[in-house]
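Visitor: One structure is given below, represented as structure tokens, and several questions about it will come after.
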Amino acid sequence: VQLVELQEAKDRFTRRGLELAAVTYDSQATLREFAAAQHVEYPLLADPDSKIIRAFGVLDPDNSDFNRAGDGSAPQDMAYPGYFVIDRSGKVQEKFFEAIYSDRHTPNNVFGRLFPELIEKSRARLRAAHLTLRTGQSDVVAAPGNRVTLFVDVALPRGVHVYAPGASGYLPLELRLDAPERFETRPPLYPPSRLMDLPPIHERVPVFEKKARIAVDLIVPGRSRAFFSSLDEAPDHSRLVEIPGTLRYQACDAKVCYRPAEVKLLWRLTVKLRDVPRVSPESRRKG
Amino acid sequence: MRVSGAAPHRAARWAGGVAWFLVVVSFSAPGSRSADRPEPPEVPVEQRGLSIGVGIPAFQAPDQWNRPRDFASLSGPRGLVLLFVRSADW
């Protein structure tokens, strides 16, 4: 599924000068048939001895029966799933791996990390007290185990600031997601803040001015049989999931700090099962 | 215990598969109430793979068209996104 998802996102990367390739422990015959069937146009590299996988340090040491592909007869030594972004000089610029093998960054999630300004945002701007909000997300459709980014862009008028995390004694900007059952979230990511001098009270406090994006990564359940079953039984094998969130903040200007405010936000994500057929038995790796 | 591959489409298959159900039952721990796949031990993800800033090792491998490929032949003007996956035939 990841290989197909990456094909669907290919043009976004190549337009930015980044080419794509993937490495698996499969044979060249397996990859040839898979690529033809799934219309994969970027290079799929066969690493049947797991040499490249070892050289990049991403060999999954779990060779138990439950960590085998295919029908269980395939050889072992697969890779941890994840991405390296390598610059033109051959140095690792970024990497995106998950601690849990079944959770995977979507290609759009990776793209959003590399080019945050290019993620699609909602057209609607939400006006709240002393600021304007706009929500967005890396993906609108995701599969079980996918990691997608939800975010809110906060735009502040000139002269207005909100407090950043770490501002003691003040109510900092805070985003909380009310994740649906079995969904997981990662801690919110905030942009760098600026230390503001407050001479009258001899304090320096971290603040956000002009704009700030708060992003939270959401992990769609990837190991829950009940969740898979609910999708399997749903029409079109998909479910629309709503993820409510709350943004809390206190806006201030040079003269006054306004009352703390709270805004309710909502993201919608379609979770869909995707079934990619296996290659023919003669193209499968043998043990 | 890992019940099967992580890819959702496989899970879809075993959701309705009697054979898989029997496998799950036979490997479930006694007294286990949940059929969910338990989480494997947490691995320090930042230690996984080459570190940021490190040069990658030279490599060569055939692609699906049986062309030998190395980094120079794969990279775009701003570099390469290299995805490692478990298997295309999961």
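The values are calculated or read from the model by the stated rules, or taken from the named source; none is laboratory data. Quantities reported herein were computed from a predicted structural model and do not represent experimental measurements. A quick note on method: Cβ atoms are made from the backbone with ideal geometry, for glycine too, and the neighbour counts reach across all protein chains shown.
Visitor: Looking at the stretch B:40-90, which of the residues that are part of a strand (DSSP E or B) and more than 17 Å from A:ARG32 (Cβ to Cβ) is nearest to the chain's Cα centre (by Cα)?
Guide: Top of the filtered list is B:PHE84.
Visitor: Do you know which residues across the stretch A:1-28 are of a type in the set (S, T, N, Q) and without any contact (Cβ under 8 Å) to a residue 40 or more places away in the chain?
Guide: Listed by number, the residues that qualify are A:GLN7, A:THR14, A:GLN28.
Visitor: A further question on this structure: Could you give me the residue pairs with C-beta distances under 6 Å whose first residue belongs to the stretch B:67-90 and is under 29 Å from A:ILE100 (Cα atoms) and in contact (Cβ under 8 Å) with a residue 12 or more places away in the chain, whose second residue is acidic (Asp, Glu) and in a loop (DSSP other than H, G, I, E, B) wherever it lies, and which are 6+ apart or on separate chains?
Guide: B:SER87/A:ASP26
Visitor: What number goes with the only condition from (1) surrounded by 12 or more Cβ atoms within 10 Å (Cβ to Cβ); (2) of a type outside the set (S, T, N, Q); (3) closer than 24 Å to A:PRO221 by Cα that A:CYS252 does not pass?
Guide: The number of the failed condition is (3).
Visitor: Another one. Inspect the stretch B:24-38 for any residue being modelled with pLDDT of 95 or more and touching a helix residue (DSSP H, G or I) at 6+ places or on another chain (Cβ under 8 Å) and give the result as yes or no.
Guide: no
Visitor: Would you call A:PHE151 among the aromatic types (Phe, Trp, Tyr), surrounded by fewer than 20 Cβ atoms within 10 Å (Cβ to Cβ) and modelled with pLDDT of 90 or more?
Guide: Criteria not met by A:PHE151.
Visitor: Same structure again: Quick one: in the stretch A:44-61, which of the residues that are over 18 Å from B:ARG67 (Cα atoms) and of a type in the set (Val, Ile, Thr) is farthest from the other protein chains (Cβ to nearest Cβ)?
Guide: It comes out as A:ILE53.
Visitor: On to the next question. What number of residues in the stretch A:13-43 are part of a helix (DSSP H, G or I) and either farther than 21 Å from A:THR106 by Cβ or within 7 Å of chain B (Cβ to nearest Cβ) (or both)?
Guide: So the count comes out to 12.
Visitor: Failed condition for A:THR132, given (1) out of contact with any Pro (no Cβ under 7 Å at 6 or more places or on another chain); (2) not in a strand (DSSP E or B), with all others met?
Guide: It fails just one condition, (2).
Visitor: Right, here's the next one. Go over the candidates A:THR270, A:THR246 one by one and state the one that is surrounded by 12 or more Cβ atoms within 10 Å (Cβ to Cβ), within 14 Å of chain B (Cβ to nearest Cβ) and in contact (Cβ under 8 Å) with a residue 60 or more places away in the chain.
Guide: None of the others qualify; the one that does is A:THR270.
Visitor: When the stretch A:93-115 is examined, which residues are found to be out of contact with any helix residue (DSSP H, G or I) (no Cβ under 6 Å at 6 or more places or on another chain) and either farther than 20 Å from A:GLU5 by Cβ or surrounded by fewer than 17 Cβ atoms within 10 Å (Cβ to Cβ) (or both)?
Guide: Residues satisfying the conditions are A:GLN93, A:GLU94, A:PHE115.
Visitor: Further question: Kindly check whether there is at least one residue in the stretch A:208-222 that is within 15 Å of A:TYR170 (Cα to Cα) and buried (at least 21 other Cβ atoms within 10 Å of the Cβ).
Guide: yes
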